[in-house]
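Enquirer: To start, I am sharing the structure in question, which I have written as structure tokens.
The values are calculated or read from the model by the stated rules, or taken from the named source; none is laboratory data. This structure is a prediction, so every number in the text was calculated from the model and none was measured. Positions of Cβ are generated from backbone atoms using ideal geometry, with glycine treated the same way; all protein chains shown enter the neighbour counts. Only protein heavy atoms, including side chains, enter the accessible area calculation; ligands, DNA and RNA are left aside. Shrake-Rupley method; radii C 1.70, N 1.55, O 1.52, S 1.80 Å.
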Amino acid sequence: MIETASSGTAAPHYRQPLLGTPFHARSRALAQVDQYVAWSGYSTVDVYTTVEQEYFAIRNAATVYDITPMTKYRIAGRDAVAYLDRLVTRDVARLRTGRLGYCLWCNDDGELVDDGTLFRLGESEFRLCAAMRQIDWLEASAIGFDVSIEEVTERIAALSLQGPVSCAILKAAGLGEVATLPPFAIGRYDLDGIELTISRSGFTGDLGYEIWMDPSAAEAVWDRLFDVGRSRGLRAIGSRALDLARIEAGYLSPWIDFVPAEHAIRVGRARSPLELGLERFVDFDKGHFTGRRALLEERRRGPRSCLVGLDVEGNKPARAALLYADARCRREIGAVTSAVWSPTCKRNIAIARVDAPFSALGTSLWAEIYLNRELVWERRITRARVVERTFFAPERRRATPPADF
Amino acid sequence: MSARRSTSAHDAIVVGAGHNGLVAACYLARAGLDVLVLERNPYIGGAAVSRSLYEGFTYSNCSYVCSLLRPQIIRTLELPKFGLQIIPYEGGCTMMRDGGHLALYDNHDALRREIARHSRRDAEAYERYSRDMIRQCQFIKPLLLREPPDPTSFRPRDLAELAYLGRRFHGLGERRMYDTLRFWTMSAADMLDEYFESEIVKAHLAGSSIIGTALGPRSPGTAYVLLHHYMGDIDDTVGAWGFARGGMGAITQALAASLRASGGAIESEAPVEQILVRNGRTRGVALQDGREILAPVVLSNLDVRRTFLKAMDPGDLPPEFLDGVRRFKIRGSSGKLNIALDGMPTFPAIPAGSPCIRGDLHVTDTIEMMERAYDDWKNGRWSRAPYIDMLIPSQIDPTMAPQGKHYMSVFVQYCPYELAEGPWTDERRKAFGDTVIETIARQSPDFKRLILHAEVRTPWDIENEVGLTEGNIFQGELTLDQLLFNRPLPGWAQYRTPVRGVYLCGSSAHPGGGVMGAPGANAARAVLRDLGRKRAA
Ligand SMILES: Cc1cc2nc3c(=O)[nH]c(=O)nc-3n(C[C@H](O)[C@H](O)[C@H](O)COP(=O)(O)OP(=O)(O)OC[C@H]3O[C@@H](n4cnc5c(N)ncnc54)[C@H](O)[C@@H]3O)c2cc1C
């Protein structure tokens with residue numbers, strides 16, 4: 001039995017370093033192949049059944065993904081807006097109550113510390129969801145602000161419900177009003193006495209919602225979703241299937257597509273939002289924020305490298321491939337960070353860091369791909385083209401109210 | 001002292017069979033030189049030695065854990081083939097006076113949750129701290145097996161090395177260049193304050209900033225000592241420490257076997273009386289037993305003070321140099337207890353089943369306590385509440401004690417070389433040992449009852465046994481004024497000395513003390529370069 005954050009019993013951390021989430025008993029029952037992965041101190045499912053089946057459920061029906069381990073902070077107080085405006089690169093004052101936004105935060109050198117979503121829950125109450133633990137950075141940034149920062153990761157259980165049928169499932173569960181929620185909006189709902197916060201957000205680039213609740217309600221909510229969703233193709237998915245979907249959506253994963261600046265050991269390994277192709281989330285006009293000066297300077301000089309999308313010939317994913325300007329591999333100009341065969345786009349796609357001169361859309365490059373063919377390695381020099389990094393962006397993700405499938 | 005017998009000549013003589021002397025000898029022998037190592041004691045190893053002083057038990061009498069020994073040396077000298085095995089241990093723990101504890105674990109999440117019990121923020125700050133330590137180590141590490149450049153010289157080699165140092169330094173980037181300068185000069189307490197808020201976290205980490213050092217955690221320069229203990233690695237895990245299977249003597253035994261395999265010889269119970277000099281150049285050594293052994297090259301594994309003030313004639317050396325040698329800081333501040341135990345002692349502060357008990361154990365829960373322990377040293381007495389670094393290697397290494405019994409190694413900081421109350425006597429040594437035993441007993445009710453035998457070593461004993469002047473474990477303090485191109489003396493950092501043919505190969509030379517082997521390897525390289533020979537492998 002794995003200890004859950006709330007149970008407070010069972011094995012101590014030195015015997016069992018990972019916690020179970022409040023959904024652990026439920027996910028355990030569905031995890032057929034015993035593939036778990038550590039995520040921010042929790043044991044979470046990597047694969048339930050098969051990656052392919054889980055993945056197609058995201059794009060075809062609906063899926064439940066346990067996002068409890070995401071680090072969550074409650075940030076509140078008189079100076080909350082001013083504090084956050086100095087912390088992140090987007091204009092927080094313009095984020096309306098009841099909305100959430102993707103945001104980035106940088107260090108003084110303009111390097112990306114982490115990215116996440118910022119929920120404005122009230123006039124001066126926010127929730128920041130981040131990939132990495134941040135309390136050290138958040139508190140160090142709070143000097144001089146009247147603001148309280150609290151990690152609430154263990155106090156909030158969360159599920160991500162994604163896919164074209166996700167709204168239909170919520171309606172069937174008795175949460176019909178959710179249909180009016182536009183993208184990036186947050187609503188509060190009541191499910192037979194259970195208080196839920198639902199936001200229209202997610203990491204799949206598709207129609208989807210994130211459901212936030214008290215850990216004590218976790219199993220009841222899970223059960224309700226599956227009661228009404230099973231016949232509609234609802235499946236629980238693990239991290240592997242999600243990873244496929246997020247690459248199709250062009251979303252970045254820390255440690256994979258960039259090294260969080262405060263963790264980089266070597267000089268020159270951290271990346272700026274400009275290098276990561278995230279300039280549209282940097283608001284230079286809103287006033288000062290951490291890293292602004294360095295980013296302005298970088299914008300003037302132009303970034304050294306860019307994180308781009310690649311369309312790779314053939315059907316072998318260009319995992320970890322080095323990239324060259326020429327087919328004879330004489331001039332190395334970058335490397336692939338994420339790569340998959342996209343089952344929905346039917347394209348061989350990748351996210352890659354390339355030197356700035358090679359980042360323009362349409363630029364042709366060469367990828368050095370190694371294939372293991374029954375223990376015999378083959379080296380393929382394959383042509384790749386720089387393309388938009390958003391590979392999959394269906395219209396249904398925006399429609400309000402969403403269609404039933 | 002008249003009729004001296006001259007015996008056969010060698011290409012090189014190494015005075016002292018400490019690990020550095022042996023490393024140097026190995027490299028020279030592999031380059032084809034006829035090398036003889038002369039050791040004063042009936043056993044070899046210096047401060048890296050395993051001895052059996054109580055039936056069935058093996059002690060690591062001086063040094064007790066391994067991390068710094070350079071992997072290149074282990075590999076080139078084929079030490080694993082000659083029996084060396086190094087096994088990392090996990091974690092460590094500081095037991096608190098109020099019954100609490102802080103442990104360190106290898107598992108990232110276990111560690112985070114453990115530190116978070118004391119401070120959630122510190123649990124994250126620990127990652128920032130580790131990152132910065134690793135950054136600084138990455139800067140220093142490549143310098144360990146290089147001869148430090150003389151910044152005042154214009155020889156092409158020095159200029160090239162200076163340029164290398166400069167490039168590496170600049171490669172750090174502006175912000176980190178400042179960090180490096182601060183790291184090398186600030187106090188461990190100030191440095192830890194920049195990361196942590198919890199007293200126990202700071203106290204646990206500050207331990208390695210005072211080990212072997214006659215400074216307190218609040219003295220400038222101690223942040224570097226902390227780093228010095230972090231820059232080793234085991235199998236590429238930076239900062240990891242482990243046991244040499246069979247005790248630290250296994251390292252010097254493997255070195256000796258490697259040396260013999262490449263044709264070198266070791267003679268023990270052969271104390272050198274003097275390094276012989278004629279016309280500014282060495283001819284060999286004179287032994288206490290009257291023999292003279294000739295060689296054009298003599299490497300001294302002794303510390304810089306002992307080498308030049310005891311084993312050489314002052315008349316052979318420039319007065320200014322001698323003055324520098326005399327002022328070289330080499331103050332003794334550490335003691336050691338090796339204890340044979342009839343069983344495993346219990347420590348109620350450590351939760352049952354926690355693996356941290358197999359790591360380094362401590363009882364000093366505040367920096368203030370460490371600083372007060374240092375005050376005692378300044379006043380010429382051993383710390384009434386000493387900082388101890390205590391391990392029970394027999395939990396991991398089955399060779400150290402009979403089944404069911406245990407060997408405990410206790411390193412003690414601070415203990416002076418000279419007592420204010422008078423010379424070290426048997427009673428005073430016993431009183432010092434009792435202080436340490438009582439300190440441990442406060443955290444372990446059954447400890448005293450289990451003691452079968454205890455070896456108590458004061459700095460005075462360490463000097464007399466190992467030959468480390470004043471018992472200073474590093475052959476000279478590790479402060480910036482005595483590091484890099486300043487070690488041991490400004491202008492004399494390249495293993496050479498004012499007497500041609502005489503080289504320093506012990507820890508007094510760059511990059512300093514600890515069972516690292518780098519001074520020995522670097523000195524051998526300097527010798528071979530001067531002889532116009534290429535280094536083996
Ligand atoms: C108590 C203690 C604990 C330590 N703990 C650790 C630890 O856990 N980990 C770590 O890495 N380091 C530790 N150290 C430090 C480390 O052991 C030393 O810095 C290192 O071993 C020194 O090696 P060396 O070869 O430079 O010199 P030494 O080991 O000092 O070698 C000098 C040799 O010369 C011999 N000698 C002296 N005079 C003469 C003479 N006249 N003629 C012939 N031979 C002579 C000596 O007997 C000795 O064998 C510790 C040291 C001590 C004292």
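Enquirer: Of the listed peptides B:278-291, A:127-140, what is their order by residue-averaged count of other C-beta atoms within 10 Å, with the highest listed first?
Expert: Final packing ranking: A:127-140, B:278-291.
Enquirer: Separate question: At 222 nm, what value in deg cm²/dmol follows for the protein assembly as shown if DSSP H runs of at least 4 each add -39500 (n - 2.57) and the sum is divided by all its residues, to the nearest 500?
Expert: When only DSSP H runs of four or more count, the value is -8000 deg cm²/dmol.
Enquirer: Helix B:174-185: angle to the longest alpha-carbon principal axis of chain B, degrees 0 to 90, nearest 10?
Expert: 90 degrees
Enquirer: GluC sites (Glu not before Pro) within region A:372-404: which are DSSP loop residues with at most 14 other Cβ atoms inside 10 Å?
Expert: Of the GluC sites (Glu not before Pro), the ones in loops of region A:372-404 whose Cβ has at most 14 other Cβ atoms within 10 Å are A:Glu374, A:Glu388.
Enquirer: Grab the other residues whose beta carbon is less than 13 angstrom from that of B:Gly83, score K and R as +1, D and E as -1, and report the net. Write down the numbers at each step before the final one.
Expert: On the way: positive: B:Lys81, B:Arg245, B:Arg260; negative: B:Glu78.
Around B:Gly83, the charge tally is +2.
Enquirer: Another one. Heavy-atom accessible area per residue, chain B, 1.4 Å probe: how many Å²?
Expert: Per residue, chain B has an accessible area of 37 Å².
Enquirer: Across region B:442-458, in residue order, what do the Karplus-derived ³J(HN,Hα) couplings come to in whole Hz, using 6.51 cos²θ - 1.76 cosθ + 1.60 with θ = phi - 60° and x for Gly and Pro?
Expert: Taking θ as phi minus 60°, the curve returns 5, 9, 9, x, 9, 4, 4, 5, 8, 6, 9, 7, 9, 9, 10, 10, 9 Hz for region B:442-458.
Enquirer: I would also like to ask the following. If you average the sequence gap of Cα pairs under 8 Å that are 6 or more apart and divide by the length of region A:273-405, what percent do you get for the contact order? Intermediate results must be reported in sequence, preceding the final value.
Expert: Details: 255 pairs, mean separation 32.2, N = 133.
Relative contact order comes out at 24 percent.
Enquirer: Any idea what the relative contact order of chain A is, in percent, if you count C-alpha pairs under 8 Å spaced at least 6 apart?
Expert: 17 percent
Enquirer: Follow-up. For peptide A:125-136, how many partner chain Cβ atoms fall within 10 Å of a residue's Cβ, on average?
Expert: Averaged over the peptide's residues, the number is 2.
Enquirer: Quick one: which residues, 5+ away or cross-chain, put their amide H under 5 Å from the amide H of A:Trp105? H built at 1.01 Å from N.
Expert: The answer is A:Val113, A:Asp114.
Enquirer: Do you know which residues of region B:159-176 lose at least 20 square angstrom of accessible area in the protein assembly compared with their chain on its own, with a 1.4 angstrom probe?
Expert: The answer is B:Gly171, B:Arg175, B:Arg176 - residues whose exposure falls by at least 20 Å² when every protein chain is included.
Enquirer: Could you tell me which of rounded, prolate or oblate describes region B:211-304, using a ≥ b ≥ c as the square roots of the eigenvalues of the alpha-carbon gyration tensor, with rounded for a/c under 1.5 and, failing that, prolate when a/b is larger than b/c and oblate otherwise?
Expert: Oblate is the answer for region B:211-304, as a/c is 1.5 or above yet b/c matches or exceeds a/b.
Enquirer: Enumerate by residue number the chymotrypsin sites (Phe, Trp or Tyr not before Pro) in region A:224-289 meeting two conditions: DSSP loop (anything except H, G, I, E, B), and at most 14 other Cβ atoms within 10 Å of the site's Cβ.
Expert: Sparse-neighbourhood loop chymotrypsin sites (Phe, Trp or Tyr not before Pro): A:Trp255, A:Phe284.
Enquirer: Follow-up. Where only protein heavy atoms count, and the probe is 1.4 Å, what is the accessible area per residue for region A:304-398 in Å²?
Expert: That works out to 53 Å² per residue.
Enquirer: Further, regarding this structure: Over the Cα atoms of chain B, how large are the radius of gyration and the largest Cα-Cα distance (Dmax), in Å?
Expert: Rg and Dmax of chain B, Cα atoms, are 22.6, 74 Å.
Enquirer: Per residue of region A:161-176, what does 6.51 cos²θ - 1.76 cosθ + 1.60 with θ = phi - 60° give for ³J(HN,Hα)? Whole Hz please, x for Gly and Pro, Karplus curve as stated.
Expert: My calculation for region A:161-176 gives 10, 10, x, x, 9, 5, 5, 4, 5, 4, 4, 5, 7, x, 10, x Hz in order.
Enquirer: Also, quick follow-up: So for chain B, averaging the separation of alpha carbon pairs under 8 Å that are six or more residues apart and normalising by length, what relative contact order in percent results?
Expert: 24 percent
Enquirer: Could you sort the peptides B:94-107, A:156-169 by per-residue average Cβ neighbour count (10 Å cutoff), highest mean leading?
Expert: Ranked by mean Cβ neighbours within 10 Å, highest first: A:156-169, B:94-107.
Enquirer: Tell me the total accessible area that A and B bury against each other, 1.4 angstrom probe, in square angstrom rounded to 100.
Expert: Summing both sides, the interface buries roughly 2300 Å².
Enquirer: Here's another thing I want to ask about it. Can you work out D for chain A in µm² s⁻¹ from Stokes-Einstein, where Rh is the Kirkwood radius over C-alpha pairs, the temperature is 25 °C and the viscosity is 0.890 mPa s?
Expert: Details: Rh = 22.3 Å.
The diffusion coefficient I find is 110 µm²/s.
Enquirer: Related question: Past the 30 Å Cα-Cα mark, which pairs from B:Lys81/B:Lys310; A:Lys72/A:Lys171; B:Lys81/B:Lys141; B:Lys329/B:Lys448?
Expert: The pairs that break the limit, which is 30 Å between Cα atoms, are B:Lys81/B:Lys310; B:Lys329/B:Lys448.
Enquirer: For A:Tyr36, what residues show an amide H to amide H distance below 5 Å, using hydrogens built from the backbone and excluding near sequence neighbours?
Expert: A:Asp46
Enquirer: Whole Å is fine, so just give me how far the alpha carbon centre of region B:437-501 lies from that of region B:320-373.
Expert: 12 Å
Enquirer: Translational diffusion coefficient of region A:231-302 at 10 °C, 1.306 mPa s, Stokes-Einstein with Kirkwood Rh over Cα pairs, in µm²/s as a whole number. Could you put the intermediate results ahead of the total?
Expert: Details: Rh = 15.0 Å.
Translational diffusion coefficient: 106 µm²/s.
Enquirer: Using Cα centres only, tell me the gap between region A:292-318 and region B:65-137 in whole Å.
Expert: After rounding, the separation between the Cα centres reads 37 Å.
Enquirer: Mind checking B:119-132 for the average number of partner chain beta-carbons within 10 Å of each residue's beta-carbon? Don't jump to the answer; show the numbers that get you there.
Expert: Working: counts 1, 6, 8, 2, 3, 10, 5, 1, 5, 5, 0, 2, 4, 1.
Average neighbour count from other chains, rounded to a whole number: 4.
Enquirer: Take every residue in peptide A:265-272, count the Cβ atoms of other chains within 10 Å of its Cβ, and give the average of those counts.
Expert: What the average comes to for A:265-272 is 3.
Enquirer: With a 1.4 Å probe and every protein chain kept in, tell me what percent of the accessible surface of the protein assembly as shown is carbon plus sulfur. Please list the in-between numbers first.
Expert: Working: 18260 of 36790 Å².
Whole-percent figure for carbon plus sulfur exposure: 50.
Enquirer: Rg(Cα) of region B:103-253 divided by 2.2 N^0.38 Å?
Expert: 1.18
Enquirer: Work through the residues other than B:Ala270 whose Cβ is under 9 Å from its Cβ and net out their charges, Lys, Arg +1 and Asp, Glu -1.
Expert: Within the 9 Å Cβ shell, the charges total -2.
Enquirer: Further question on the same structure: Going by average Cβ density within 10 Å per residue, which order do the peptides B:179-191, B:155-167, A:207-219, B:510-522 take, highest to lowest?
Expert: In decreasing order of mean packing, B:179-191, B:155-167, A:207-219, B:510-522 become B:510-522, A:207-219, B:179-191, B:155-167.
Enquirer: If you don't mind, there's one more thing I want to ask. What dipole magnitude, in Debye to the nearest 20, does chain B give about its Cα centre under +1 on Lys/Arg Cβ and -1 on Asp/Glu Cβ?
Expert: Here the size comes out at about 1480 debye.
Enquirer: Count neighbours as other Cβ atoms within 10 Å of each site's Cβ, and list the GluC sites (Glu not before Pro) in region B:402-438 that are DSSP loop with at most 15 such neighbours.
Expert: Sparse-neighbourhood loop GluC sites (Glu not before Pro): B:Glu418, B:Glu421.
Enquirer: Find the Cα radius of gyration of the protein assembly as shown, compare it with 2.2 N^0.38 Å by division, and give the number to two decimals.
Expert: Dividing the Cα Rg of the protein assembly as shown by 2.2 N^0.38 Å gives 1.09.
Enquirer: What does the net charge come to around A:Leu225 if you take all other residues with beta carbon closer than 15 Å to its beta carbon, with K and R at +1 and D and E at -1?
Expert: That works out to 0.
Enquirer: Same structure, new question: What do the square roots of 5 times the Cα gyration tensor eigenvalues come to for region B:1-120, in whole Å, largest first, as semi-axes of the equivalent ellipsoid?
Expert: Each semi-axis is √(5λ); the values are 43, 19, 12 Å.
Enquirer: At R0 = 35 Å, how high is the FRET efficiency between A:Glu123 and B:Glu194 if r is their beta carbon distance? Nearest 0.05 is fine.
Expert: For A:Glu123 and B:Glu194, the calculated efficiency is 0.50.
Enquirer: Next question. Measure nothing but the geometry: give the 0 to 90° angle between the long axis through the Cα atoms of B:367-378 and the longest principal axis through the Cα atoms of chain B, rounded to 10°.
Expert: Tilt relative to chain B: about 40 degrees.
Enquirer: Moving to a separate point now. How far is the Cα center of region A:89-124 from the Cα center of region B:7-31, in Å?
Expert: With region A:89-124 and region B:7-31 each reduced to a Cα centre, they are spaced 65 Å.
Enquirer: Once you place label points 7 Å from the Cα toward the Cβ at B:Asp342 and B:Gln288, how far apart are they in nm?
Expert: In this crude spin-label approximation the distance works out to 3.8 nm.
Enquirer: Now a separate question. On a 0 to 90° scale, report how tilted helix B:120-144 is relative to the longest principal axis of chain B, with both axes built from alpha carbons and the result rounded to the nearest 10.
Expert: With rounding to tens, the tilt is 10 degrees.
Enquirer: Semi-axes of the equivalent ellipsoid of region A:304-398: what are they in whole Å, largest first, if each equals the square root of 5 times a C-alpha gyration tensor eigenvalue?
Expert: With the √(5λ) rule applied to region A:304-398, the semi-axes are 22, 18, 9 Å.
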